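Worksheet: the structure to be examined is printed underneath.
The values are calculated or read from the model by the stated rules, or taken from the named source; none is laboratory data. Bear in mind that the values here come from a model prediction, so they are computed numbers and not experimental data. Backbone-built Cβ (ideal geometry, glycine too); neighbour counts: all protein chains shown. Heads up: the accessible areas ignore ligands, DNA and RNA and are worked out on the full protein's heavy atoms, side chains in. Shrake-Rupley method; radii C 1.70, N 1.55, O 1.52, S 1.80 Å.
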Amino acid sequence: MLDLSSTMPLALETPWGTPPLHSAVSRQRDPHVAACELARALRHDHLGFVLFFCSAEYPLETLSEALVNAFSDIPVAGCTTAGEITPDGYERGTIVAIGLDRRHFAVSCTLVEDLGGFDLLRAQRLVDGLLDDCRGRAPAPVGEHSFALTLLDGLSSSEEQVLATLDAALGRIPSFGGSAGDDNRLAHTYVHAEGRFHDQAAVVVMINTRLPFEVFTTHHLRPRQEKLVVTRVDRERRRVIELNAAPAAEEYARLVGLPVAALDATVFARHPLSVRLGEAHYVRSIQRVNPDGSLSFYCAVENGIVLTAMQPAPLLEDLEATLAGLAGRLGEPALVIGCDCFLRRLELEAQGQAGAASRLLARSRVVGFNTYGEQHHGMHINQTFTGVAIGSHPAAGDA
């Protein structure tokens, strides 16, 4: 017997009487049952696109077949996660999906498989193709009323190159996204497009809408005085071998006042490092300690860069202020699509604040996933909450 309560949709009625966005979650473990539940919750006569985020615990080949069958001619894209943000807040082991109404959104999606060969010419052709595809169905001018969502294999080590190249081609079109996860296993992460899951790949989704929107990013981390210089690095594997001319794990452990054996994801979440660009600090999160005493990072690291020790300010206060600011500028949102670093969730769980965070996310209409890295305007960043807030009705003159 199906648990129909697991797919209660989140939708906000608009002044013209129909919700432009629905979201739903399925907690069913059978992929066919889960896909049918989502389709039952999301399908309507004007459904134009489905975006989903799923636990890597599902049998992915079977799940992709089930989603294709359940949504038939509706394009579907998504990725695996390190946790889901459902209409009820943080969850794990689920599938959460968003349905976009084609009367209010023109959506075009493409797959990038050769990440290493993704140059500016390919990026420009990709962006031009997405915009041309949207243009014939666009409810608003594509140059001023579009944004791009990027989903990347979170273990591909190609995010920096792909994002910087894509951002150059996008020009003034804002972009955001997240790196796929695998429930904190750090083994295999996947994106989904064209009817199946792919690794070593990226999905780019162009979304045009007459609804107001704002692409944003925030973090709660503040710089300390301590600095660490990367003095030896394996750039290709994002592995720092030495910090301050000492074994990397030992030097980092000295910084945080713990033995090397105690270093784990929770410690990395509470004691991140960053690189300063201009007046801003961009977090470079540590992934793990390796047997040789080196440290693997989620973002690219270079020999000679200076890493600044960071300390957390109250995370929930920062998140609540960010979401309140978005609502103040856009009005009550129809939806916020959120890419939330899994290290932030680990920090909240360690502090016993995950429940309060879930209530805040649900109240603020956030749906999305926990990532292995976030993407904002061509930058690959860590330990942020990044996304797009979409207003519930057009601005005056756009209706």
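In region 333-356, the residues that are of a type in the set (Lys, Arg) form Cβ pairs under 8 Å with partners that are open to solvent by 10 Å² or more (accessible area, probe 1.4 Å), at six or more places apart or across chains, as follows: Arg345/Tyr90; Arg345/Ala354.
This table checks each residue for (1) in contact (Cβ under 8 Å) with a residue 24 or more places away in the chain; (2) out of contact with any helix residue (DSSP H, G or I) (no Cβ under 7 Å at 6 or more places or on another chain).
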site: Arg210; (1), (2): yes, yes
site: Thr217; (1), (2): yes, yes
site: Asp234; (1), (2): yes, yes
site: Arg237; (1), (2): yes, yes
site: Asn244; (1), (2): no, no
site: Glu251; (1), (2): no, yes
site: Leu263; (1), (2): yes, no
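Is there a residue in region 284-300 that is farther than 25 Å from Cys339 by Cβ, β-branched (Val, Ile, Thr) and in contact (Cβ under 8 Å) with a residue 12 or more places away in the chain? Yes: one or more hits.
The listed residues are Ala300, Ala350, and the only one of them that is surrounded by fewer than 21 Cβ atoms within 10 Å (Cβ to Cβ), outside the structural domain of Gly89 (by the TED database) and among the small types (Gly, Ala, Ser) turns out to be Ala300.
Quick grid of which residues meet (1) touching a Ser or Thr at 6+ places or on another chain (Cβ under 7 Å); (2) closer than 15 Å to Leu151 by Cβ; (3) touching a residue at least 60 places away in the same chain (Cβ under 8 Å); (4) not aliphatic (A, V, I, L, M):
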{"site": "Ala70", "(1), (2), (3), (4)": "no, no, no, no"}
{"site": "Gly78", "(1), (2), (3), (4)": "no, yes, yes, yes"}
{"site": "Pro87", "(1), (2), (3), (4)": "yes, no, yes, yes"}
{"site": "Gly93", "(1), (2), (3), (4)": "yes, no, yes, yes"}
{"site": "Ile98", "(1), (2), (3), (4)": "yes, yes, yes, no"}
{"site": "Val107", "(1), (2), (3), (4)": "no, yes, yes, no"}
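The condition of being modelled with pLDDT of 95 or more and either open to solvent by less than 20 Å² (accessible area, probe 1.4 Å) or under 19 Å from Phe52 (Cβ atoms) (or both) holds for only one of Asn370, Asn382, that being Asn370. Considering region 8-121, the qualifying strands (runs of 3 or more DSSP E), each wholly inside and each with 1 or more residues that are open to solvent by 20 Å² or more (accessible area, probe 1.4 Å) and farther than 30 Å from Arg135 by Cβ, run over 89-91. Within region 1-43, the residues that satisfy the criterion of being modelled with pLDDT of 90 or more and of a type in the set (A, V, I, L, M) are Leu21, Ala24, Val25, Val33, Ala34, Ala35, Leu38, Ala39, Ala41, Leu42. Is it the case that Cys134 is touching a strand residue (DSSP E or B) at 6+ places or on another chain (Cβ under 8 Å) and either open to solvent by 30 Å² or more (accessible area, probe 1.4 Å) or assigned to a strand (DSSP E or B) (or both)? Here the answer is no, as Cys134 does not meet what is asked. Counting only strands (runs of 3 or more DSSP E) that sit wholly inside region 137-246, those with at least 1 residues that are under 30 Å from Arg329 (Cα atoms) and open to solvent by less than 50 Å² (accessible area, probe 1.4 Å) are 146-152, 175-179, 202-209, 213-218, 221-234. Exactly one residue out of Thr371, Thr308, Thr386 is hydroxyl-bearing (Ser, Thr, Tyr) and not assigned by the TED database to the domain that holds Leu163, and it is Thr308.
Look at Ala265 and say whether it is among the hydrophobic types (A, V, I, L, M, F, W, C) and closer than 20 Å to Cys339 by Cα. It is true that Ala265 is among the hydrophobic types (A, V, I, L, M, F, W, C) and closer than 20 Å to Cys339 by Cα.
From the list Glu61, Glu37, the lone residue that is in contact (Cβ under 8 Å) with a residue 40 or more places away in the chain and of a type in the set (D, E, K, R) is Glu61. Restricting to region 350-365, give me the number of residues that are in a helix (DSSP H, G or I) and at pLDDT below 95. Total meeting the criteria: 1.
Total residues in region 268-311 satisfying the condition of being over 21 Å from Arg254 (Cβ atoms) and either touching a Gly at 6+ places or on another chain (Cβ under 8 Å) or among the charged types (D, E, K, R) (or both): the figure is 5. The residues on offer are Ser296, Ser285, and the sole one that is more than 13 Å from Met379 (Cα to Cα) and more than 19 Å from the chain's Cα centre (by Cα) is Ser296.
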